[in-house]
Amino acid sequence: MPMRLLMALAAILLAGLPAVSQAGGKQVAPVADPLTQKVCGECHLAFPPGFLPARSWSALMADLSDHFGEEIVLPAGQAAQIEAYLVSHAGDAPGGGGLREFMRWVAPTGIPRRITENPAFLREHDFPDRVWRDPKVVTRSNCLACHPGASRGWFDD
Amino acid sequence: MKRRYLLVLAAAAIGLPLAAIAAAGSPERAAILAEYATRARAADPGFSGFSMQRGEALFRGSFSGGDARTPSCMSCHTADPRQPGRNAKTGRPIDPVAVSVDPRRYTDAAQVDKHFARDCKSVLGRDCTALERGDYITFMAGQ
């Protein structure tokens with residue numbers, strides 16, 4: 001009986017897993033705007049806008065003088081254009097790149113700046129330190145180090 | 001004697017600009033270098049042209065004024081500019097910066113300005129001078 005109970009519990013837990021791993025199990029809408037792709041992609045993967053809520057993108061684009069320690073200088077008008085694209089394709093925007101599930105973990109009033117702090121991300125990237133210290137990883141936001149299809153929205157592997 | 005002298009002069013007259021064009025490689029790159037040369041001359045009337053050697057010294061030098069993760073150009077571009085590099089902050093792969101591998105390098109003035117501003121600040125902790133920019137491109141044009 002305890003055995004059966006355990007198995008039932010395990011089944012329930014396993015059934016819950018697809019919900020958690022959904023962000024990794026299907027294609028995420030990649031950046032489709034050429035300007036956003038070019039400008040963001042000059043330094044890092046142009047992250048799919050669905051990974052953050054609209055208010056996060058607005059906060060990031062409003063603070064380009066300290067973008068994770070970097071000062072980003074853009075020609076007039078570019079920042080507004082990029083922000084408009086990111087906001088309209090954010091995780092909580094209509095459609096949201098199919099990432100409503102990922103957005104579930106964002107506090108209603110929270111303005112996360114790092115995709116890598118989402119509990120859903122942390123759950124799927126619970127690796128020992130040596131994985132993160134691999135020279136080709138460099139930083140947790142370097143999706144491409146392990147997801148070769150990240151630019152096209154594939155985070156399945 | 002006089003004729004030989006003339007021939008040497010003629011060869012120099014043709015050869016020097018050809019060498020300059022070969023180093024610049026594209027009209028766009030030549031224009032960028034010309035602009036930097038004008039600015040370098042304005043800063044120092046003794047300016048006598050860009051130097052591949054100075055460009056290489058800048059590329060290989062180690063500096064302490066910038067971001068601790070990027071003490072050198074080589075921090076991201078590796079010791080061989082013909083090889084792909086990796087952004088030392090984000091891990092993003094970087095295409096080779098040597099012109100022989102990617103002839104489109106240093107041909108878009110706005111892009112060149114933007115990247116020097118970003119990367120010089122990161123490595124040196126300040127913007128590069130026109131002399132340094134011209135030297136760097138001259139070095140890469142020969143790589």
Karplus-derived HN-Hα couplings along region A:71-86 (A = 6.51, B = -1.76, C = 1.60, θ = phi - 60°), whole Hz, x at Gly and Pro: 9, 9, 10, 10, x, 3, x, 5, 4, 5, 5, 5, 4, 4, 5, 4
Residues of region B:100-143 with backbone N under 13 Å of the label point set 7 Å from the Cα of A:H67 along Cα→Cβ are B:114-115, B:118-119
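Work out the mean other chain Cβ neighbour count within 10 Å for the residues of B:86-96 and drop it here as an integer. Don't skip to the end; give the middle numbers.
On the way: counts 5, 6, 2, 9, 10, 14, 12, 4, 2, 0, 0.
Counting other chains' Cβ atoms within 10 Å and averaging over B:86-96 gives 6.
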In whole Hz and in residue order, list the ³J(HN,Hα) couplings for region B:67-82 that follow from phi through the Karplus curve 6.51 cos²θ - 1.76 cosθ + 1.60, θ = phi - 60°; x for Gly and Pro. 5, 4, 7, 10, x, 8, 4, 5, 4, 10, 8, 6, 6, 10, x, 7
Multiplying the sequence separation of A:R130 and A:L35 by 0.36 nm and subtracting their Cα-Cα distance, what value in nm do you get? 30.6 nm
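Counting other Cβ atoms within 10 Å, which GluC sites (Glu not before Pro) in region A:47-93 have at most 12 and lie in a DSSP loop? Intermediate results must be reported in sequence, preceding the final value.
Details: sites: A:E70, A:E71, A:E83; in loops: A:E71.
Listed in order of number, the matching sites are A:E71.
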For peptide A:138-145, how many partner chain Cβ atoms fall within 10 Å of a residue's Cβ, on average? 5
Expected-Rg normalisation [2.2 N^0.38 Å, Cα atoms] applied to region B:65-124: 1.09
Straight-line reach from A:K38: which lysines fall under 22 Å, measuring Cα to Cα and dropping same-chain residues less than 8 apart? B:K89, B:K114, B:K121
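Laboratory data are not the source of any read-out in this text; all were calculated from the coordinates shown. Computed from a predicted structure; not experimentally measured. Backbone-built Cβ (ideal geometry, glycine too); neighbour counts: all protein chains shown.
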